[in-house]
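These notes are about the structure you will find just below.
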Amino acid sequence: MTQGKDGTMHWIETNNQGRISAFWGSREKWERIPDWDIDMPDVNVEAYPLDHGYNEEIPFEDLTIEDMKKAAEFRGGQCLSSHLDEMNEMLDWKCAFGHSFKASPILILKAGHWCPECLAPPWNNDEIAKKNPFFAQIYYTNHDKDESNFYDEKCYEDIL
């Protein structure tokens, strides 16, 4: 399985830099992975709640347009709408890269969606993380802040 076209060892053997970078960060980081015979440390089981960019202590239906604006800012963008009547109504938003879109507060705050244009493909997650603290709090748990990877629409074709 690991030797197949979409296998991790195949990427190493063929020096597939895009996949190596996406999976391990770099070939150098892959080379620093220790052998399996070492004693593994205990995993830090301390969990922490993610910041969603709005006060989750407030009942969802009581959130205001100002809360939407704060949540958008925490995602690196803006809520362009001036009023909020219902949580399922479409509001106007803009992401950090200037893409405008419509979405409901439920879709953004409860379902975790954001800009449909920034959604893959292509993948430009390193740039998104630099501008979107909401995304960055997860992304930087296993990516370095100095990474600069871009994966175009056809990046999957090497494993077909």
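Quick notes
- Residue that is surrounded by the fewest Cβ atoms within 10 Å (Cβ to Cβ), among those in region 1-28 that are closer than 14 Å to D144 by Cβ and of a type in the set (S, T, Y): S26
- Matching residues in region 131-160 - criterion: being part of a helix (DSSP H, G or I), free of Cβ contacts under 8 Å to residues at least 40 places away in the same chain and surrounded by fewer than 16 Cβ atoms within 10 Å (Cβ to Cβ): Y156, E157
- Of the helices (runs of 4 or more DSSP H) lying entirely inside region 3-115, none contains at least 3 residues that are of a type in the set (V, I, T), outside the structural domain of N142 (by TED's automatic domain parsing) and touching a residue at least 60 places away in the same chain (Cβ under 8 Å).
- Any chance E31 is exposed (fewer than 10 other Cβ atoms within 10 Å of the Cβ) and within 25 Å of F150 (Cβ to Cβ): yes
- All of F134, F150 fail the test of being touching a helix residue (DSSP H, G or I) at 6+ places or on another chain (Cβ under 8 Å), under 30 Å from F23 (Cβ atoms), assigned by TED's automatic domain parsing to the domain that holds W24 and modelled with pLDDT of 95 or more, apart from F134.
- Criterion violated by K102 - all others in (1) surrounded by 14 or more Cβ atoms within 10 Å (Cβ to Cβ); (2) of a type in the set (K, R); (3) farther than 30 Å from T8 by Cβ satisfied: (1)
The values are calculated or read from the model by the stated rules, or taken from the named source; none is laboratory data. Since we're looking at a predicted model, the values are computed, not measured. Using ideal geometry, Cβ is built from the backbone for each residue, glycine included, and neighbour counts are taken over all protein chains shown.
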